[in-house]
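Novice: Submitted below is the structure of interest, expressed as structure tokens.
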Amino acid sequence: MLETKKFGMVSLGCDKNRVDAERLLGILREKGYCITDDMAEANVLIVNTCAFLNSARKEAIDTVLDCDAYRGGNLEKIVVTGCLPEKFSAELFPTLTEADVFLGCNDADKLLEAIERSYQEGRVNMVHSGREWEGQRTLTTPLHYAYLKIADGCNNHCTYCLIPKIRGRYRSYPMEKLIAEAESLGELSELILVAQDTTRYGEDLYGENKFVELIRRLSALENIQTIRLLYCYPDVIGEDLIEELAENKKLIKYLDIPLQHSEDRILKLMNRKGSRAEYLELIKKLRERVEGIAIRSTFIAGFPTETKEESEALGEFLKEAKLTNCGFFAYSREPETAAYRLKGQIPAKEKERRVRALYRVQKGISGEFLHGYVGKTVEVLCDGIDYEKGCFTGRTYWSAPEIDGKVYFFAPQAEQGERYMVRIKKADSYDLYGETEDYDESAQ
């Protein structure tokens, strides 16, 4: 029945969700089914959802409603997968009637069966009926980089976070399967390791931390040029990982460490391990031991009971830490989290004001850092072409794709996935602009 159908995919949320979407596409590709990028052509649209925040849940529902507008054309079925049905299927399946199929985060192997049933029986809710797909992925990233999800779930139980209630307890994927998956991804300029918490890899599965061993095993693969680490929790960054960052030539000198706040009282309310002093000491140690390391982090503004003084102290922390890249988010009050019940909720306008204030501080820090490269030459990985700007676009080692700044550069020619030496001519607070040494502006 499905052999004649065209399938489309919309994936929302984080890079970990992207990997789940790529597994679903892999199922379709393995069967030889037609996959289209044109939503108007699709007979079946799959919406892979995020539900981490209320705003993400709204985006997911709005996307389903937008997809339903294609019913007058080729569209026959809408499949909703991922975090939204995983956590909220009981409430949403009866009311979100635009969706024909509900599948949870770990029901990939039931995808085709569920769609076939929907054609025969009508709407189908098969959440919690299957398991994760272990077959080949179909990449949705540019061909020169890919994400490798090394674990799912989380045991940290931060008081603002729904992830443990959506994704469950922390589950490391077997190392041999991860090695085989990485080998199957083809020639990669950059492999990016992701999980809710990458640094705890192996503790549940092997009874001890195996993160560094996994990094070494992946580094030995000939098809992997470099490896980037995201979602590294500060309390698990030990001597062995720091040493690996310093010595492993394939490991990019970049670390994403979600700190979330700087002030001890707020960190305790968040159930975050660590303190302001410990965070600053970790940052100092990383810079002393790993030459040129770039450190990225994320922070929450307006957590319940956060005072103006504590918000300003976070700004002072940023000035002292001088992190390379930062993201800031207004606290989102999520039902079923411990922080939801806290008194002293901050008004929305005040939370947004505090976010803007933090961005202003970081803008100054980032601008100073980037302007220091004007007149210098840096190595840039070419990610492709920016047709609006009429130039190539790429990244230095201190930028991860999609979340950090870019380098816009002119060159006689450049290939996606190759590295080029770019002379920086201009900077702003987020991006760099330059040209390769063999570029002749007058010849263009």
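The values are calculated or read from the model by the stated rules, or taken from the named source; none is laboratory data. If you're wondering where the values come from, they're calculated on a predicted model, not measured in any experiment. Cβ atoms come from the backbone with ideal geometry, glycine included; neighbour counts cover every protein chain shown.
Novice: Just to be sure, is Cys105 in a loop (DSSP other than H, G, I, E, B), surrounded by 17 or more Cβ atoms within 10 Å (Cβ to Cβ) and either within 27 Å of the chain's Cα centre (by Cα) or free of Cβ contacts under 8 Å to residues at least 24 places away in the same chain (or both)?
Specialist: Answer is yes for this residue.
Novice: While we're here: Which of the residues belonging to the stretch 256-279 are among the polar types (S, T, N, Q) and not in a loop (DSSP other than H, G, I, E, B)?
Specialist: Gln260
Novice: While we're on this one: Before we move on, is Ile365 within 24 Å of the chain's Cα centre (by Cα) and either of a type in the set (Val, Ile, Thr) or at pLDDT below 95 (or both)?
Specialist: So Ile365 passes the test.
Novice: When Lys110 is evaluated against the numbered criteria (1) under 23 Å from Val79 (Cβ atoms); (2) in contact with a helix residue (DSSP H, G or I) (Cβ under 7 Å, 6 or more places away or on another chain), which criterion, by number, is the only one it fails?
Specialist: Here Lys110 meets the rest and fails (2).
Novice: Another question, if that's okay. Consider Ala195 carefully, then state whether it is touching a Phe, Trp or Tyr at 6+ places or on another chain (Cβ under 9 Å) and either free of Cβ contacts under 8 Å to residues at least 40 places away in the same chain or closer than 22 Å to Leu267 by Cβ (or both).
Specialist: Criteria met by Ala195.
Novice: Among Lys349, Lys389, which is the only one that is over 23 Å from Leu259 (Cα atoms), more than 19 Å from the chain's Cα centre (by Cα) and at pLDDT below 95?
Specialist: Answer to the selection: Lys389.
Novice: Can you name the helices (runs of 4 or more DSSP H) wholly within the stretch 150-252 that have at least 1 residues being of a type in the set (Lys, Arg) and within 30 Å of Glu336 (Cα to Cα)?
Specialist: 163-167
Novice: Okay, next question. Would you tally the residues in the stretch 280-291 being touching a residue at least 24 places away in the same chain (Cβ under 8 Å) and in a helix (DSSP H, G or I)?
Specialist: Adding up the residues that qualify gives 6.
Novice: I would also like to ask the following. Which residue pairs have Cβ atoms closer than 6 Å, lie 6 or more positions apart in sequence or on different chains, and pair a first residue in the stretch 115-144 that is outside the structural domain of Asp20 (by TED's automatic domain parsing) and free of Cβ contacts under 8 Å to residues at least 12 places away in the same chain with a second residue that is loosely packed, with under 14 Cβ neighbours inside 10 Å and among the aromatic types (Phe, Trp, Tyr)?
Specialist: From residues that are outside the structural domain of Asp20 (by TED's automatic domain parsing) and free of Cβ contacts under 8 Å to residues at least 12 places away in the same chain, there are no pairs.
Novice: Tally the residues that are under 25 Å from Tyr170 (Cβ atoms) and surrounded by fewer than 18 Cβ atoms within 10 Å (Cβ to Cβ), restricting the search to the stretch 83-102.
Specialist: 1
Novice: From the list Asp109, Asp62, Asp68, exactly one residue is modelled with pLDDT under 95 and more than 24 Å from Thr159 (Cβ to Cβ). Which is it?
Specialist: None of the others qualify; the one that does is Asp109.
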